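The values are calculated or read from the model by the stated rules, or taken from the named source; none is laboratory data. From a predicted model like this one, the values you see are computed outputs, not experimental measurements. Cβ placement follows ideal geometry from the backbone for every residue including glycine, while neighbour counts extend to all protein chains displayed.
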Amino acid sequence: MITDKEAKEQLSELKKMLLPEMLPDKLKYLNAESPNGINLLVEALNSEYPGLNLIDLIQQRIPKALKAGSKLNINDNGINQATQLNGLIQNIDALTHNLKSLTKPENKDEILVDNIISISIMIGYNAGSHDMKVNVERHANNGFENNVINPHKGGIEKAKKFEPAKKLVQLMATKIILNPKLGKISKPALSTAIHTVLQEFSNEGNNKNIETLKSYTQRCPGQGAIKGWIVKFEQNKDLPSNLKKPSHSKLVELLKIDFPARTIKKFLKS
């Protein structure tokens, strides 16, 4: 049972989030009414252009987060530093610029497309980092230890080591799950395919020496960890029944198209 003061502060945190829909259990736990526009995320993901509409939705919600108390810059020991929200705005501006350039025939090259992919990944990383920070920084600043957020001393710091890999895995899973041309895929099958792609990447050249991968015994997240990171992801229940379930090799092939080695490396080093 939480106090009224704690409930009020947690509701304040939800207002600062860009995608509070990602924490439905928190709304239920606090017995809070769903925020206005709670269905807009689902509508964006189910639209004809889910990527562009999702970015547009995040952009529309940035003023709300700022109004609720989020900041673009913070002063840390006398040093002015940009926040994740600031980085998010900059990456959205950069993506918009690149997309406009892509419409020009003379600029349709793989370098521009690669820039768009990397910027898009960073937008997701910035937005997710912002929302995660909103939900943990108050407890960290107050020295508050929560059984769920921080079960052991130093738990958050330890978890940071795995964040780049976790975010990458969840992005890979989302790309497959939201593909309207694929039939329903089981979590074990998807986690196995993602593990195959990451293990092959780790085995190439000096990739196993990337700092994030050093945290793993096999220099790659295990299938158990990958499955745990995507266990709550739900596939579209309205998929046509005539769509075939993709094979392991097909899933691996599709993942490698969207996440070539250079993209994986950029993300893990972010």
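Taking segment 166-201 as the range and being at pLDDT below 90 and farther than 16 Å from residue 229 by Cβ as the test, the residues that pass are 178, 179, 180, 181, 182, 183, 184.
Within segment 202-243, being in a loop (DSSP other than H, G, I, E, B), modelled with pLDDT of 85 or more and buried (at least 17 other Cβ atoms within 10 Å of the Cβ) holds for 210, 219, 220, 221. The listed residues are 145, 163, and the only one of them that is over 27 Å from residue 45 (Cα atoms) and either of a type in the set (D, E, K, R) or modelled with pLDDT of 85 or more (or both) turns out to be 145. Figure legend. Inter-residue proximity from segment 64-92: first residues at pLDDT 80 or above, second residues small (Gly, Ala, Ser), beta-carbon distance below 6 Å, spacing 6+ or different chains. Indicated pairs: 73/82; 84/129; 85/70; 88/127.
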